[in-house]
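Just so it is clear, none of the values below were taken in a lab; they were calculated from the coordinates. Here the structure is a predicted model, which means the values were calculated and not measured. We place every Cβ from the backbone using ideal geometry, glycine too, and count neighbours over all the protein chains shown.
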Amino acid sequence: MKNFKKIAKENKTLTIGAILVLFLFSLMILSFIYLPHPPNTPSSANQLKPPSATFWLGTDHLGRDVFSRILLASRTAFLVGSASVVAGLLLGVPLGLAGGYFGGWFDALVLRLLDAMKAIPSLLLALMLISVFGTGMSVTILAIAVLAIPLYARMARNSAIQLKNLDYIQWTKMIGIPSSRILFVHLLPNLRSSLLVTASLGFANAVLTEAGLSYLGLGVQPPDPSWGKMLSEAQNNLFNAPWLAFASGLAITLLVLGFNLLGDGLRDLSDLHRKE
């Protein structure tokens, strides 16, 4: 407990990021327990109502409660963010570890592949995948995961290059331990702090990318709500109902900011432990 209080006091970036993420995660949990109004039920009598005691964040152009939809859309943000980060790690980390560990032509091939993926603008690559597989939540997760492969692969590769020449790794090779065991039992555990930092930043990128795709109508499709889609719908009533854009825009900003601060704070904490 003392260490926790010390970290919270000294690492303000980590503390603020954790508070923001926990706050929005709590809203996501709340969406399973309580929704003030049916989030997907239109009401012609309640169109574009301003914030009030009945509708805390007002209503949209179809009369749907914005607060209820913000809560429900938080599920989409956390689901897409979590699933795409996990998928990106599963695809990118083994590739990067193998490239850094084996070196030679295989590492050169991995680097060329990663360079080719980075050379294509992320939005264009996502549009290419969506044009092939269609729209929807699963395709959005796949597209974001593929976009994140270079990020995770390069992190794993750089770590593998630094670690593979350590004495205990060389010793495991000399006694004939299989390369797969060396990669996943001896090298991978040393990536824990780097994985946490990269995954936090990757989560922020995933949320922002999902919001952008949904804003363009290419991401999560109705009836599943998305903060990006809500922001797109709000632009038609930006001046007569500004609360619509404010609510969804603030939700995106807070979650992305929270995970970015969390990642930066974890990096600072990791660097401090290395120095000690």
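Observations
- 10 Å-binned pair-distance histogram of the chain (Cα, whole percent): 7, 24, 28, 22, 12, 5, 2, 0
- Rg/Rh (Cα only; Kirkwood hydrodynamic radius) as it applies to the stretch 92-198: 1.07
- Structure-based [θ]222 nm, the chain - -39500 (n - 2.57) summed over DSSP H runs of at least 4, per residue, nearest 500: -24500 deg cm²/dmol
- Residues whose amide H comes within less than 5 Å of that of residue 136, counting only those at least five positions distant or on another chain, are 221 (H built at 1.01 Å from N in the peptide plane).
- Among 177, 161, 16, the residue with the largest mean-square fluctuation in a Gaussian network model of the chain, with springs joining Cα atoms closer than 10 Å, is 177.
- Max mean-square fluctuation residue, GNM over the chain, Cα-Cα springs under 10 Å, options 60, 107, 115: 115
- Centre separation in Å (Cα based) which lies between the stretch 8-48 and the stretch 223-267: 11 Å
- Straight-line cross-link reach from residue 164 at under 16 Å between alpha-carbon atoms covers these aspartates and glutamates, not counting any fewer than eight positions away in the same chain: 107.
- Structure remark: mean-square fluctuation, Gaussian network model of the chain, C-alpha springs under 10 Å; the largest value among 128, 174, 230 belongs to 174.
- Mean Kyte hydropathy of -1.0 or more with a Cα span along the axis of at least 18 Å, helices from DSSP in the chain: 12-33, 66-102, 104-119, 137-163, 192-215, 242-275
- The simple spin-label model puts a point 7 Å past each Cα toward its Cβ; for residue 32 and residue 19 those points are separated by 2.6 nm.
- Extension gain (nm, one decimal) between residue 115 and residue 138, 0.36 nm per residue minus Cα-Cα: 5.7 nm
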